[in-house]
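Note sheet for the following structure.
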Amino acid sequence: MISEKTQKKIESIASKLPQRAAAMLSALRLIQDEIGHVPPEEREWLAGKLGVSPAAVEAVLSFYTLFRREPEGKYTIWVCSTLPCALRGCELLMDHLRHALGIREGETSPDRRITLKRAECLGGCDRAPVVQVGEDYHDVLLDLSLGTAKVSFERVEALLEKLT
Amino acid sequence: MSEPILLANIGEPDSQTLEKYRSSGGYEGLRRAISDMSPADVVEEVKKSGLRGRGGAGFPTGVKWGFVPKDSSKPRYFICNADESEPGTFKDRLLMEQDPHAVLEGIIIGSYAIGAREAFLYIRGEFADSYRAMAAAIDEAKHASLLGMKILGSSYSLEIHLFRGAGAYICGEETGLMESIEGKRGHPRLKPPFPAAVGLFGCPTNINNVETVANVPLILRKGAPWYAEIGCERNTGPKLYCLSGHVKRPGVYEAPLGVRLHDLIYEHAGGMWRQGLKLKAVIPGGSSTPVLRADESDIDMDFDSVAKAGSLLGSAGVIVMDETACMVDSLLNILKFYAHESCGQCTPCREGCNWLVKIVRSIEDGKGKSADIDLVENVAGNIMGKTICPLGDAVAMPAQSFVRKFRHEFEEHVRLKGCPLKGAH
Amino acid sequence: MAETVTLTIDDRQITAPKEMVVIEAARRAGIEIPYYCYHPYLSIAGNCRMCLVEIEKAPKLQIACSIEVTEGMVVHTGSKNVLDARAGVMELLLINHPLDCPICDQAGECRLQEYSLAHGSGTSRFEHEKHHGRKNVDLGRHIVFDEERCIKCTRCVRFCDEVSKTGELALLNRGDETIIGVFPGHRLDNAYSGNTVDICPVGALTLKEFRFRSRVWFLEQTPSICPGCARGCNVTVWAREDRIYRFTPRENPEVNKVWMCDEGRLSYLPLVARERLLEPLMDGEPVRLQDAVDRAANLLGGVGERAPRVGVVASPRATLEDLALLRRLCEATSATDGIPRFERGEDDDLLIRKDKTPNLAGARLLGFERPAAEVLREAAEGKIDVLYVMDEDLFSPAADSDEGDLARRAARKVRALIVHASFRDRVPSQAAVVLPAAVYGEYEGTYINFEGRAQRVRASMRRAGRSRTHLAILSAVAQRAGWGEWAREPSDVWKEAQALAAPLSGIGYDDVGTDGVMITGKGESG
């Protein structure tokens, strides 16, 4: 179960809103930040806390892509693959990451360190192809110095090395 | 290139701080609104400025504010839509990260204008920096009596709730966003009733895009006549354009409404990213807007001119494609996006988006028949205008325009049983 | 009277109340607009898009389920745009829908099937792999779910949110992976879950107790009343060859809207499961009906020096007409009488009543007010010679009140016990005469619900074996006992009931009609 501190935080958010259920997204985020995902027990707890049915929590949890119903790796790498990133070589980047990590999209590395996921437009098209790790965006993973799209292996490796 | 107005602070050190914002006239608009003007005066001023919503539809902001009933017994809410998610669009993120007080001041003025005591800022879940910057700005503003109880010593008080999305494009649709704030799936609502009458928590609600509200302090500070001078007729004010794709310098560029699209591509963004390659196509307003061929793309970038050219200014997310871009693959990419983001609520969008993906994928993979090309247009037609929310149109418009304007490429895929441009990067 | 507006639908002028949605205004005028998600007793979802119509001056097609009528509105429900849109929606609904109609239990009442014929193109241009979902998901005590067939109209979800207010169901996931579901490990188990099956427009939700039992077109439908509790939900009884296959709720805005509880819905099951008593018994041995009636008449009639002290226990499950004749029997024998209660649980906010009988109000109207326990106690104490019991369930060992116990003691004590019984299982061995009574579904008559609404229960089967209606048994006994010729047709007995109960005056047997009629107050004022 989540810590008392997080429970209190959720209560405080819910009590300040016109309707308690409006704290849903914030609460799920807080639970996930603490546990890494949102387990069934916490979902039911939250349903009671916000005065909705457990099914209503499940409905929300399964709708938003940033929520996790199952544990994932310590870090999730989101590779943006929508048009502006696709035009600038995100598939090369995805290929490289798959190869470097030895996993497929949606999978978690055997050491539970990294989960690799495909994202739809991250709104970072100025940095395309962009990846998101945790809360942060990382750009310039391609070497554009030659005017061609080419994955900068060094930069990718440097990024992966930071994720320990 | 003209002097930036909206982006004047951006790029300066500490641009996100209250001190810096105030040093260049920040919150003067709010002071004027609250001490010298009635809410109705503020609405009138914004009407006079000609400001049109920057979220996509281009609806006059002052008129929209005027729709919120004054005599409701229920609370009124002001929402700022910062769920920027349309592919090719990243201007609101820049504003929030680097000029959060401009956004905040706009929200406070707008809330005052419609008589809201509570405002909601709904920030896209992935935008952590935006969230942090806005949270810090709110704190600063509260301490400076610009927000909270009795703003600037007046009788007006406002509370702002900061919300973070959790990964759903559809929450950028205004009623989907309201559902999301209420703690539900982001299912767009049937209209009518419209949010001005029945919105958030069933109360009268006004909702504006980040860039829209960031324009408001300028209008209040410098006056509607000054503002209306910028841009062109019926399309006033400065505008942020997001250039992405095959340009040398992708980024957000400011220009008055009506700037030439080719100026944006070739001057602001430095032209094609790879020398010697020619422009093939441009999507002018985010991936949902109809694509333009290179030969029809040298247009004025304002709401009315882009519409006249057969597309939409939308969110001004300009996606540029050079000769190496496969139009079938590009359409497939766009369709996959909308299929992924369809909320699944109504039949045409839920079933149609993925059907389109399947047809276009089979063409791209060389398994398509020539009848499939017409089928794309036809299925898109069965979605267009028939869904609860505009996402249906957002998938149908690119599908129809790509096929109509680049039909030869689709036919070539069918004839060659594959993509002639595969691996052209 | 509500304000009205005048509008034009398909060139016809129609007057409709303000705020009515176009789909209802059209329906009233006999113009059917097809739909899946719309339901008059649920909130408007507007998600199926089947009811798109053209409204002049609107920029695009509008859904008729959500647009309210306005003065001067001009609606077209059959224009080319509308027909194309409908065909488009049909095609899209079917691309991921399995073509398993031959083995689908919804066949015959599937809107997808019906509308395919009327509005579809007959062919599909979809040449890809369909979505596959789980089949035969055990969703709840009574409910089986087929994911593939679901068209996400969300009627079931809205029912659980808005009517049963239990919230078990929700839409999960999104896009074309959207599916109806429950919280992990939870089930769709509420007291009203069967309604989700009724409102499911396709074969996604089916009722365990009915699925694969019969194709619906083989069943005959009879409008009747649920005998499960004092609410008297209006139902359609679906029967074939003297057997009931299912109950479905029948619309009555005043009583049950269009809903019914699961217990009531399945209240016909014991009729099928319990062993019927098909012939009269005397001292446990089968006899001719005439002999049994003679014996009963003899026991009651007081042939001999003094009349027996008779006790009568009525049944709140019998019809008003049955009870009217029973009242006459009481009068003829100067009997002391009582009525048992069959109560369980509590009343809820929707339909369920703790009184599990359909006609207690009717029994009271005829003067059966005393608790059965009082009569039974007198019998157990030897103060009654002949005990006449209308419903063998009085002796049910399952009865949680002390009535069951008292009844069994009384049975042992009295000189003679006469019982009307439909089933073998609860007949006390001491009974001198057991008269085989018709069961629900085999008789016609009137129930009066707890609110005072008289409603018509109808026969949908022939009587089994040599069983007889209570009316027939009572009038036969009366005749043999020399009390005269009693009416035995419900419509005739109704007149006797009117003579016994003032509130019924002025109301004819046929006035009860299909929707029932309120009787409380009428008699008092008149």
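The values are calculated or read from the model by the stated rules, or taken from the named source; none is laboratory data. Just so we're clear, the structure is a prediction, and the values are computed from it rather than from any experiment. Don't worry about glycine lacking a Cβ; one is built from the backbone with ideal geometry, like all the others, and counts go over all protein chains shown.
Which residues, taken from the stretch C:63-105, are in contact (Cβ under 8 Å) with a residue 40 or more places away in the chain and among the polar types (S, T, N, Q)?
C:66, C:70, C:77, C:96 - these are the residues of the stretch C:63-105 that are in contact (Cβ under 8 Å) with a residue 40 or more places away in the chain and among the polar types (S, T, N, Q).
Scan the stretch B:229-252 for residues that are over 19 Å from residue B:49 (Cβ atoms) and in contact (Cβ under 8 Å) with a residue 60 or more places away in the chain and report the count.
8
Can you run down the residue pairs with Cβ atoms below 9 Å, 6 or more apart or on separate chains, where the first is in the stretch C:179-208 and within 22 Å of residue C:245 (Cα to Cα) and within 14 Å of chain A (Cβ to nearest Cβ) and the partner is among the basic types (Lys, Arg) and surrounded by 20 or more Cβ atoms within 10 Å (Cβ to Cβ)?
Within 9 Å, the pairs are C:196/C:155.
Yes/no matrix, rows are residues, columns are (1) more than 9 Å from chain B (Cβ to nearest Cβ); (2) surrounded by fewer than 21 Cβ atoms within 10 Å (Cβ to Cβ):
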position	(1), (2)
A:20	no, yes
A:56	no, no
A:65	no, yes
A:71	yes, yes
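Tally up the residues in the stretch C:145-154 that are closer than 21 Å to residue C:209 by Cα and either within 12 Å of another protein chain (Cβ to nearest Cβ) or crowded, with 20+ Cβ neighbours inside 10 Å (or both), please.
4
For residue A:12, which of the numbered conditions (1) within 12 Å of chain B (Cβ to nearest Cβ); (2) closer than 25 Å to residue B:119 by Cβ fails to hold?
(1)
Conditions: (1) under 24 Å from the mean Cα position of the chain (by Cα); (2) farther than 30 Å from residue A:130 by Cβ. Residue B:90 meets all but one. Number of the miss?
With respect to (1) under 24 Å from the mean Cα position of the chain (by Cα); (2) farther than 30 Å from residue A:130 by Cβ, residue B:90 is out only on (2).
Could you tell me whether any residue of the stretch A:115-129 is in a loop (DSSP other than H, G, I, E, B) and within 14 Å of chain C (Cβ to nearest Cβ)?
Step one: of the stretch A:115-129, the residues in a loop (DSSP other than H, G, I, E, B) are A:120-124, A:128-129.
Retained after the next criterion (residues that are within 14 Å of chain C (Cβ to nearest Cβ)): A:120.
Among the residues of the stretch A:115-129, at least one is in a loop (DSSP other than H, G, I, E, B) and within 14 Å of chain C (Cβ to nearest Cβ), which makes the answer yes.
Quick check: anything in the stretch C:245-252 among the aromatic types (Phe, Trp, Tyr) and surrounded by fewer than 22 Cβ atoms within 10 Å (Cβ to Cβ)? Steps first, answer last, please.
Let us first name the residues in the stretch C:245-252 that are among the aromatic types (Phe, Trp, Tyr), namely C:245, C:247.
From the residues that got through so far, the ones that are surrounded by fewer than 22 Cβ atoms within 10 Å (Cβ to Cβ) too are C:245.
There is at least one residue in the stretch C:245-252 that is among the aromatic types (Phe, Trp, Tyr) and surrounded by fewer than 22 Cβ atoms within 10 Å (Cβ to Cβ).
Taking the condition touching a strand residue (DSSP E or B) at 6+ places or on another chain (Cβ under 8 Å), outside any helix (DSSP H, G or I) and either at pLDDT 90 or above or farther than 30 Å from residue A:48 by Cα (or both), does residue C:133 pass?
Criteria met by residue C:133.
Restricting to the stretch C:88-118, and then to whatever is touching a strand residue (DSSP E or B) at 6+ places or on another chain (Cβ under 8 Å) and in a loop (DSSP other than H, G, I, E, B), can you tell me which residue is farthest from the other protein chains (Cβ to nearest Cβ)?
C:105
Based on this model, can you work out whether residue C:225 counts as more than 13 Å from every other protein chain (Cβ to nearest Cβ) and either crowded, with 21+ Cβ neighbours inside 10 Å or closer than 30 Å to residue C:360 by Cβ (or both)?
yes
If you go through the stretch C:29-40 one residue at a time, do you hit one that is at the interface with another protein chain (Cβ under 10 Å from one of its Cβ atoms) and either at negative phi or part of a loop (DSSP other than H, G, I, E, B) (or both)?
First, pick out the residues of the stretch C:29-40 that are at the interface with another protein chain (Cβ under 10 Å from one of its Cβ atoms): C:36-37.
Of the ones still in play, those that are also either at negative phi or part of a loop (DSSP other than H, G, I, E, B) (or both) are C:36-37.
Yes - at least one qualifying residue is present in the stretch C:29-40.
Could you say whether any residue in the stretch A:92-107 is over 14 Å from the mean Cα position of the chain (by Cα), at negative phi and facing chain B (nearest Cβ under 9 Å)?
yes
Right, residue C:122: away from chain B (no Cβ under 14 Å), surrounded by fewer than 21 Cβ atoms within 10 Å (Cβ to Cβ) and farther than 27 Å from residue C:41 by Cα or not? So that I can check it myself, show each step before the final result.
Values: away from chain B (no Cβ under 14 Å): yes; surrounded by fewer than 21 Cβ atoms within 10 Å (Cβ to Cβ): yes; farther than 27 Å from residue C:41 by Cα: yes.
The answer is yes for residue C:122.
Which condition breaks for residue B:45 when tested against (1) within 14 Å of chain A (Cβ to nearest Cβ); (2) among the acidic types (Asp, Glu); (3) over 18 Å from residue B:174 (Cα atoms)?
(1) is the only condition that residue B:45 fails.
Being acidic (Asp, Glu) and in a loop (DSSP other than H, G, I, E, B) is the filter here; which residues of the stretch B:233-285 pass it?
Result: B:233, single match.
Condition test on residue C:465, is it under 23 Å from residue C:242 (Cβ atoms), out of contact with any Ser or Thr (no Cβ under 7 Å at 6 or more places or on another chain) and either in a loop (DSSP other than H, G, I, E, B) or of a type in the set (D, E, K, R) (or both)?
yes
Of all residues in the stretch B:344-366 being more than 9 Å from chain C (Cβ to nearest Cβ) and outside any helix (DSSP H, G or I), which is farthest from the chain's Cα centre (by Cα)?
Filtering first and then ranking leaves B:366.
Identify all residues within the stretch B:388-425 that are outside any helix (DSSP H, G or I) and within 22 Å of residue B:172 (Cβ to Cβ); write none if there are none.
B:388, B:389, B:390 - these are the residues of the stretch B:388-425 that are outside any helix (DSSP H, G or I) and within 22 Å of residue B:172 (Cβ to Cβ).
From the set of residues in the stretch B:286-298 that are assigned to a loop (DSSP other than H, G, I, E, B) and surrounded by 21 or more Cβ atoms within 10 Å (Cβ to Cβ), which is nearest to the other protein chains (Cβ to nearest Cβ)?
If we take residues in the stretch B:286-298 being assigned to a loop (DSSP other than H, G, I, E, B) and surrounded by 21 or more Cβ atoms within 10 Å (Cβ to Cβ), then B:287 is nearest to the other protein chains (Cβ to nearest Cβ).
Taking the stretch C:128-137 as the search range and keeping residues that are touching a residue at least 24 places away in the same chain (Cβ under 8 Å) and more than 9 Å from every other protein chain (Cβ to nearest Cβ), which one is farthest from residue C:349 (Cα to Cα)?
Here the residue is C:130.
Considering only the stretch B:1-106, give the helices (runs of 4 or more DSSP H) lying wholly within it that have at least 3 residues that are under 23 Å from residue B:251 (Cβ atoms).
By residue number, B:91-98.
Answer yes or no as to whether residue C:47 is in contact with a His (Cβ under 9 Å, 6 or more places away or on another chain), at the interface with chain B (Cβ under 9 Å from one of its Cβ atoms), surrounded by 18 or more Cβ atoms within 10 Å (Cβ to Cβ) and over 26 Å from residue C:20 (Cα atoms). So that I can check it myself, show each step before the final result.
On the way: in contact with a His (Cβ under 9 Å, 6 or more places away or on another chain): yes; at the interface with chain B (Cβ under 9 Å from one of its Cβ atoms): yes; surrounded by 18 or more Cβ atoms within 10 Å (Cβ to Cβ): yes; over 26 Å from residue C:20 (Cα atoms): no.
Judged against the criteria, residue C:47 is not a match.
Against the condition within 27 Å of residue C:240 (Cα to Cα), among the charged types (D, E, K, R) and without any contact (Cβ under 8 Å) to a residue 60 or more places away in the chain, how does residue C:458 come out, does it pass?
When the stated conditions are applied, residue C:458 does not pass them.
Check off (1) surrounded by 21 or more Cβ atoms within 10 Å (Cβ to Cβ); (2) among the charged types (D, E, K, R); (3) in contact with a helix residue (DSSP H, G or I) (Cβ under 7 Å, 6 or more places away or on another chain) for residue B:124 and give me the number that stays unchecked.
Every listed condition holds for residue B:124 apart from (3).
What number of residues within the stretch B:315-343 satisfy the criterion of being farther than 22 Å from residue A:123 by Cα, surrounded by fewer than 24 Cβ atoms within 10 Å (Cβ to Cβ) and either out of contact with any Leu (no Cβ under 6 Å at 6 or more places or on another chain) or within 11 Å of chain C (Cβ to nearest Cβ) (or both)?
Residues meeting the conditions: 1.
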